[in-house]
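Undergrad: The structure that follows is given in the form of structure tokens.
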Amino acid sequence: MLPQAFWTTLRILIFRAGPEDMPYDTGNRLGAPFIAFAVLVNAALAAVAGEMAVLMKAMDAPPALWADIVLGAVSVAAMGLFTRVALRARQLESRFQQTYNALLGTSSILGLAMVLPIRQLLPFLPIAQDLSKKVSANPDLVNDPNVMSAIPGWTMLFSLMIPVLLGWQFAVTAFIYRRAANTKAAGGIFIALLCLLTVMSFKDIFTLLLR
């Protein structure tokens with residue numbers, strides 16, 4: 001069942017399958033590993049976000065490991081809660097399990113792919129911040145190769161990967177909700193936006209509580 005779910009997840013990522021194609025699990029043999037994987041990926045993203053905040057001097061020290069795991073669990077739970085409410089509103093709650101697993105699988109794979117470029121960019125964040133201040137004070141420095149060479153050209157590729165992956169994840173989420181809720185494309189986008197706002201709100205609340 002798990003290998004089948006994995007390949008279905010990959011097909012959903014390229015819009016060749018929908019949440020209805022996910023294996024239906026009467027027990028928790030599929031849901032449990034999907035949830036565990038999603039919590040770990042979200043915890044990893046929370047960890048690199050904490051490192052980023054420290055480097056940008058927005059925080060004095062990165063959050064503890066347990067705080068990252070709690071934040072990852074909160075993200076997964078918030079998505080599950082929203083998905084159940086959204087499908088219940090459409091009287092399609094029977095589709096919850098397959099829809100939730102599809103959301104967890106796709107978001108986890110794309111989230112994991114996002115960790116690599118973020119970690120590669122972390123050492124250059126203080127340099128980029130300092131360079132931004134210098135260029136703001138003296139725009140002519142943009143034409144100075146000695147100044148601009150402080151940041152390698154390959155970092156631009158990783159910088160572009162992040163918004164591409166975020167956009168891809170949102171498009172897949174909207175696609176899943178459109179298929180699960182029997183709506184048009186605009187409806188799927190609207191539901192995906194509400195889901196994003198819900199998850200972000202829960203994360204913000206728990207971030208404040210954990211500090």
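The values are calculated or read from the model by the stated rules, or taken from the named source; none is laboratory data. Because the structure is predicted, anything quoted here is derived from the model rather than measured. Virtual Cβ from ideal backbone geometry, glycine too; neighbours counted across all protein chains shown. Just so you know, the surface numbers come from the protein's heavy atoms only, side chains and all, with ligands and any DNA or RNA stripped out. Shrake-Rupley method; radii C 1.70, N 1.55, O 1.52, S 1.80 Å.
Undergrad: GNM on the chain, C-alpha springs below 10 Å: top fluctuator among Gly167, Gly188, Gly31?
TA: Maximum fluctuation in the GNM of the chain, among the listed residues, is at Gly167.
Undergrad: Suppose R0 equals 25 Å; then what is the FRET efficiency for Phe15 and Leu166 from their Cβ-Cβ distance, rounded to the nearest 0.05?
TA: With R0 = 25 Å, the Cβ-Cβ based efficiency is 0.90.
Undergrad: Identify which of the listed values of Cα extents along the principal axes in Å was calculated from the structure shown: (1) 57, 34, 30; (2) 61, 36, 31; (3) 94, 37, 25.
TA: After the calculation, the listed value that fits is (2).
Undergrad: With θ set to phi - 60°, apply the Karplus curve 6.51 cos²θ - 1.76 cosθ + 1.60 along segment 102-116 and write out the HN-Hα couplings as whole Hz, x wherever there is a Gly or Pro.
TA: These are the phi-based 3J(HN,Hα) values: 5, 5, 5, x, 5, 5, 5, 5, 5, x, 5, 5, 7, 4, 4 Hz.
Undergrad: Round to the nearest 10 and give me the degree value, 0 to 90, for the angle of helix 185-210's Cα axis relative to the longest principal axis of the chain.
TA: 60
Undergrad: Taking Cα pairs under 8 Å and at least six residues apart, what relative contact order does the chain come out at, in percent?
TA: RCO, the chain: 26 percent.
Undergrad: On to the next question. Using modelled backbone amide H atoms (1.01 Å from N, in-plane), which distant-in-sequence or interchain residues come within less than 5 Å of Met59's amide H?
TA: So Met59 has HN proximity to Val54.
Undergrad: Among Arg29, Arg95, Arg179, which one shows the highest mean-square fluctuation when the chain is modelled as a Gaussian network with alpha-carbon springs under 10 Å?
TA: Between Arg29, Arg95, Arg179, it is Arg29 that shows the largest mean-square fluctuation.
Undergrad: So what is the 222 nm mean residue ellipticity for the chain from helices alone, if each DSSP H run of at least 4 adds -39500 (n - 2.57) and you divide by all residues, rounding to the nearest 500 deg cm²/dmol?
TA: After summing the helix terms and dividing by the residues of the chain, the value is -25500 deg cm²/dmol.
Undergrad: Under a plain spin-label model, where a point goes 7 Å from the Cα along Cα-to-Cβ, how far apart in nm are Val85 and Ser159?
TA: A separation of 3.8 nm, rounded to one decimal place.
Undergrad: What residues qualify as long-range amide H neighbours of Gly18, i.e. H under 5 Å apart, gap of 5 or more or another chain, H built at 1.01 Å from N?
TA: Residues meeting the amide H criterion: none.
Undergrad: Give me the accessible area of Met59, 1.4 Å probe, in Å² rounded to the nearest 10.
TA: Met59 has an accessible surface of roughly 50 Å² with all protein chains in place.
Undergrad: How tilted is helix 31-55 with respect to the longest principal axis of the chain? Cα atoms for both, answer in degrees (0 to 90, nearest 10).
TA: Taking Cα atoms only, the helix is inclined about 20 degrees.
Undergrad: Let me ask something else about it. Normalised by the residues of segment 1-113, what does the relative contact order come to in percent, with Cα pairs under 8 Å and at least six apart?
TA: Here the relative contact order equals 37 percent.
Undergrad: Let me ask something additional. Looking only at segment 162-186, which residues have a backbone nitrogen under 15 Å from a spot 7 Å from the Cα of Phe6 in the C-beta direction?
TA: Flagged as within label range: none.
Undergrad: Taking 41 Å as R0, compute the FRET efficiency from the Cβ-Cβ separation of Ala185 and Leu65 and round it to 0.05.
TA: 0.55
Undergrad: Given the options Met22, Met56, Met79, state which has the largest fluctuation in a GNM of the chain using a 10 Å cut-off (strictly under) for Cα springs.
TA: Most flexible of the set in this elastic network: Met56.
Undergrad: Something else: Just the number please: accessible area per residue for the chain, 1.4 Å probe, all protein chains included, in Å².
TA: With all protein chains present, the chain gives 56 Å² per residue.
Undergrad: Between Ser94 and Ile205, what FRET efficiency follows from the Cβ-Cβ distance if R0 is 30 Å, with the result rounded to 0.05?
TA: Efficiency, rounded to the nearest 0.05: 0.50.
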